[in-house]
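Take a look at the structure set out below.
The values are calculated or read from the model by the stated rules, or taken from the named source; none is laboratory data. A quick note: this is a predicted structure, and the numbers were derived from the prediction, not measured. Every residue, glycine as well, gets a Cβ built from its backbone with ideal geometry; the counts of neighbours run over all protein chains shown. We work out accessible area using only protein heavy atoms, side chains counted, and drop any ligands, DNA or RNA first. Shrake-Rupley method; radii C 1.70, N 1.55, O 1.52, S 1.80 Å.
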Amino acid sequence: MHLIDFIIFIVFTLGVVVFGCSFFKKGSSADEFTSAGHSIPGWVVGMSIFATYVSSISYIGYPGKAFASNWNAFVFSLSIPIASYFAAKYFVPFYRHSGSVSAYTFLEEKFGAWARLYASACYLLTQIARMGSILYLLAVPMYILMGWNLHIVIIATSIGIIIYSMLGGLKAVIWADAIQGIILIGGAVVCLGILMFSMPEGPMQTFDIAINSPEGNKFSLGAFTSDLTTSTFWVCLIYGIFINLQNYGIDQNYVQRYHAAKTDKDAKFSALFGGYLFIPVSALFFLIGSALYSYYTAGVAPLPAEIAEKPDYVFPYFIVNELPVGLRGLLIASIFAAGMSTVSTSVTSAATILLTDYFRPFFLKARYVTDRLRHHDPNDHHKHQKLELAILRLSSVGVGVLGIIVAIAMLSVESIIDAWWTLSSIFSGGMLGLFLLGCMPRKINRTAALIGCVCGVLVIAWISLAGMWSLPGIHLHEYLAIVLGTCTIFLVGFLSTWLYQVGRKK
């Protein structure tokens with residue numbers, strides 16, 4: 001690695017950490033940490049939502065997926081407009097006027113504490129899995145570039161992210177996201193231009209080779225069949241609709257950003273802007289993957305067999321070996337920008353959930369009331385705020401450490417995007433179904449909701465384990481776990497309530 005590239009990378013990475021830490025304010029409150037004082041412009045929140053979508057999973061995983069197979073995974077992006085529309089019209093106003101920064105308070109009001117704990121636990125598991133996937137992908141370029149130990153890179157990067165997330169809170173995360181989002185788009189555009197204009201017969205050769213590859217059309221969106229055991233166009237589309245509705249509707253990452261915006265109008269704009277921007281940018285990453293395939297197939301440069309067998313390594317390998325000095329450092333910095341923004345978001349939101357859904361209702365509330373009754377100290381409120389802020393910061397550290405452990409466990413995974421999508425589908429737990437039950441005009445019986453939830457978890461467990469353990473019966477694709485889990489929870493909860501009401505009338 002040239003000294004100039006190293007300087008660019010170090011300056012950027014340390015600059016992000018310092019910039020995030022600059023938002024640290026002595027005497028800050030838990031509300032400011034979790035909702036940024038409701039003071040962020042809409043376009044900044046929108047860029048933050050976009051940057052949360054575009055993690056290292058997108059920056060490295062999408063090109064790797066397109067290089068190895070086709071554009072099937074891009075179908076996920078095509079489902080985003082549906083979720084963005086519902087978010088702007090229904091979810092944003094609902095959460096802005098809910099009075100709670102937690103996405104899961106609503107479930108407790110509808111169905112009891114168990115619903116809130118179930119959904120928040122699913123969310124925490126999902127975020128820890130996501131952090132691990134992204135931290136792993138952050139370490140890959142540095143392993144290829146410098147030969148640095150993957151474990152050390154994962155740990156060192158995590159420490160930097162945890163520091164500025166812990167000190168600056170959501171305001172630091174959102175503003176850092178916005179800057180990182182602009183940098184990562186610029187880096188990807190430049191990289192694609194170099195790939196296509198390096199082709200011996202010009203940019204159009206990229207498309208000719210990719211379309212006529214021996215493995216099939218590299219721009220294919222997948223088979224349009226009704227097969228539910230493989231990743232067809234329809235499986236990916238349905239998966240994308242459910243995941244994105246869940247993201248916008250009940251994901252703490254997004255709900256906190258709705259609260260952070262200055263006004264309701266800003267919050268609605270951010271939901272639409274962040275989602276729609278992801279569609280062309282994700283297409284850009286898939287195009288980079290197809291261009292990489294054409295680039296190496298045309299023999300513009302050699303590709304070692306051990307790299308070709310690990311698709312997630314191909315784009316970092318290209319950056320390291322084919323880009324000019326200076327630009328190489330910028331692209332590595334862009335990959336880190338993508339990953340750091342998403343990990344910092346997960347750290348902050350997970351810490352918020354630990355405070356609002358676990359510490360506050362079970363430990364802090366009783367202690368706060370007891371202290372006020374016993375001592376009548378006017379400073380009790382201030383002390384309580386300091387305690388909550390300390391819990392948020394310690395929780396940030398704890399979640400970060402768990403993310404490191406998962407990242408190290410990910411080192412043996414072949415395709416990170418497949419691993420992440422599978423874990424996301426399983427850990428999400430169909431909590432979207434519980435949310436939809438709560439939104440029903442007809443009041444759903446609490447016991448019926450619990451029965452639906454249990455049935456949904458059993459369906460998810462079956463889909464997830466049937467193929468792995470070679471169980472008898474139908475084996476569906478793992479992406480459908482969230483789809484069928486959500487539908488099961490909703491339908492069983494609704495029908496159980498109906499049967500209960502019919503039984504009472506008789």
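Remarks
Yes/no per residue for (1) within 24 Å of ILE405 (Cβ to Cβ); (2) modelled with pLDDT of 85 or more; (3) open to solvent by 10 Å² or more (accessible area, probe 1.4 Å); (4) in contact with a Pro (Cβ under 7 Å, 6 or more places away or on another chain):
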| position | (1), (2), (3), (4) |
| --- | --- |
| LEU124 | yes, yes, yes, no |
| THR157 | yes, no, yes, no |
| SER165 | yes, no, no, no |
| ILE194 | no, yes, yes, no |
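- Members of region 1-15 that are open to solvent by 50 Å² or more (accessible area, probe 1.4 Å) and either under 29 Å from the mean Cα position of the chain (by Cα) or in contact (Cβ under 8 Å) with a residue 12 or more places away in the chain (or both): MET1, HIS2, ILE4, PHE6, ILE7, ILE8, ILE10, VAL11, LEU14
- Scan of region 357-379 for residues that are modelled with pLDDT of 85 or more and either open to solvent by 10 Å² or more (accessible area, probe 1.4 Å) or in contact with a strand residue (DSSP E or B) (Cβ under 6 Å, 6 or more places away or on another chain) (or both), ordered by number: TYR358, PHE359
- Selection count where residues are modelled with pLDDT under 85 and either open to solvent by 60 Å² or more (accessible area, probe 1.4 Å) or within 15 Å of the chain's Cα centre (by Cα) (or both), scope region 405-435: 16
- Contacts under 7 angstrom Cβ, first residue in region 424-448 being under 12 Å from PHE242 (Cβ atoms), partner assigned to a loop (DSSP other than H, G, I, E, B) and open to solvent by 40 Å² or more (accessible area, probe 1.4 Å), 6 or more apart: SER425/GLU478
- Under the condition of being surrounded by 22 or more Cβ atoms within 10 Å (Cβ to Cβ) and either outside any helix (DSSP H, G or I) or touching a Pro at 6+ places or on another chain (Cβ under 6 Å) (or both), the residues counted in region 241-263 number 2.
- Pairs, first at pLDDT 95 or above and hydroxyl-bearing (Ser, Thr, Tyr) in region 267-296, second in a helix (DSSP H, G or I) and open to solvent by less than 10 Å² (accessible area, probe 1.4 Å), C-beta under 7 Å, six or more apart: none
- Only a single item in (1) touching a residue at least 40 places away in the same chain (Cβ under 8 Å); (2) hydrophobic (A, V, I, L, M, F, W, C); (3) not in a helix (DSSP H, G or I) is not met by ALA129, and it is number (3).
- Residues of region 221-278 classified as hydroxyl-bearing (Ser, Thr, Tyr) and over 25 Å from TYR62 (Cβ atoms), total: 3
- Of the residues making up region 207-240, those that are assigned to a helix (DSSP H, G or I), more than 17 Å from ILE463 (Cβ to Cβ) and either open to solvent by 50 Å² or more (accessible area, probe 1.4 Å) or of a type in the set (Val, Ile, Thr) (or both) number 4.
- Within the set LEU107, LEU117, the sole residue that is surrounded by 23 or more Cβ atoms within 10 Å (Cβ to Cβ), more than 19 Å from the chain's Cα centre (by Cα) and assigned to a helix (DSSP H, G or I) turns out to be LEU107.
- Filtering region 167-190 to residues that are open to solvent by 10 Å² or more (accessible area, probe 1.4 Å), closer than 23 Å to ALA390 by Cα and at pLDDT 85 or above leaves LYS171, TRP175.
- Index of the failed condition, ILE444 passing every other in (1) modelled with pLDDT of 75 or more; (2) among the β-branched types (Val, Ile, Thr); (3) out of contact with any helix residue (DSSP H, G or I) (no Cβ under 6 Å at 6 or more places or on another chain); (4) part of a loop (DSSP other than H, G, I, E, B): (3)
- Residues being under 17 Å from VAL255 (Cβ atoms) and of a type in the set (S, T, N, Q) - total across region 74-96: 1
- Any chance PHE33 is crowded, with 23+ Cβ neighbours inside 10 Å and part of a helix (DSSP H, G or I): yes
- Selection within region 43-90 - farther than 29 Å from PHE207 by Cβ, buried (at least 24 other Cβ atoms within 10 Å of the Cβ) and in contact with a Phe, Trp or Tyr (Cβ under 6 Å, 6 or more places away or on another chain): GLY46, ALA87
- The residue of region 382-404 that is nearest to VAL75 (Cα to Cα), among those that are modelled with pLDDT of 90 or more and open to solvent by 50 Å² or more (accessible area, probe 1.4 Å), is LEU402.
- Among residues of region 271-311, those that are closer than 15 Å to ALA188 by Cβ and open to solvent by 20 Å² or more (accessible area, probe 1.4 Å), counted: 6
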